[in-house]
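Read the structure below first, then the notes.
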Amino acid sequence: MPAIVGVAQVITLGNSSVFHIGDVYKIMPFAAAKTFSGAGSFNTGERLDVQNQYSSTNTYDPDTIDQSNTFNM
C-alpha cells in the first residue's frame with residue numbers, strides 16, 4: 001500500500017542507522033564493532049553497589065581478524 005508522507009526532518013543519522021519512510025521489502029543495516037569495557041561498565045538499574053578494587057580490561061587480540069560482514073548485503 002502506498003504511503004503519503006508529509007515533511008520529515010532528519011537531524012542526524014548514526015553509523016549503522018536506518019531511516020525508513022513508506023513501503024519497504026527488506027531493511028538490512030550492517031556494521032561491525034568491538035567493545036572493550038572494564039568491570040561494572042554495563043550495569044543498569046537502581047541502587048547498584050559495584051565495588052571494584054582493581055579493574056583491568058584485556059584488549060589483547062592475537063588473531064587480528066574477526067567475523068566479517070562480507071555476505072550481509
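Numbers below:
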{"read-out": "Answer residue from segment 9-29, given it is of a type in the set (Gly, Ala, Ser) and loosely packed, with under 10 Cβ neighbours inside 10 Å and is modelled with the highest pLDDT among those", "value": "GLY14"}
{"read-out": "Filter pass, ALA32 being at pLDDT below 80, assigned to a loop (DSSP other than H, G, I, E, B) and surrounded by 10 or more Cβ atoms within 10 Å (Cβ to Cβ)", "value": "yes"}
{"read-out": "Enumeration of residues in segment 35-49 that are open to solvent by less than 100 Å² (accessible area, probe 1.4 Å) and on the phi > 0 side of the Ramachandran plot", "value": "GLY40, GLY45"}
{"read-out": "Subset of segment 1-39 (residues that are touching a residue at least 24 places away in the same chain (Cβ under 8 Å), within 30 Å of TYR60 (Cβ to Cβ) and not charged (D, E, K, R))", "value": "PHE30, ALA31, ALA32"}
{"read-out": "Flag for SER55 being within 22 Å of the chain's Cα centre (by Cα), of a type in the set (Ser, Thr, Tyr) and surrounded by 10 or more Cβ atoms within 10 Å (Cβ to Cβ)", "value": "no"}
{"read-out": "Unique match (being on the phi > 0 side of the Ramachandran plot, part of a loop (DSSP other than H, G, I, E, B) and open to solvent by 80 Å² or more (accessible area, probe 1.4 Å)) among THR70, THR64", "value": "THR64"}
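The values are calculated or read from the model by the stated rules, or taken from the named source; none is laboratory data. This one's a predicted model, so the numbers in the text were calculated from it and none came from an experiment. When we count neighbours, we look across all protein chains shown, and the Cβ atoms used for this are built from the backbone with ideal geometry, even at glycine. Note: areas computed on protein heavy atoms with side chains; ligands, DNA, RNA excluded. Shrake-Rupley method; radii C 1.70, N 1.55, O 1.52, S 1.80 Å.
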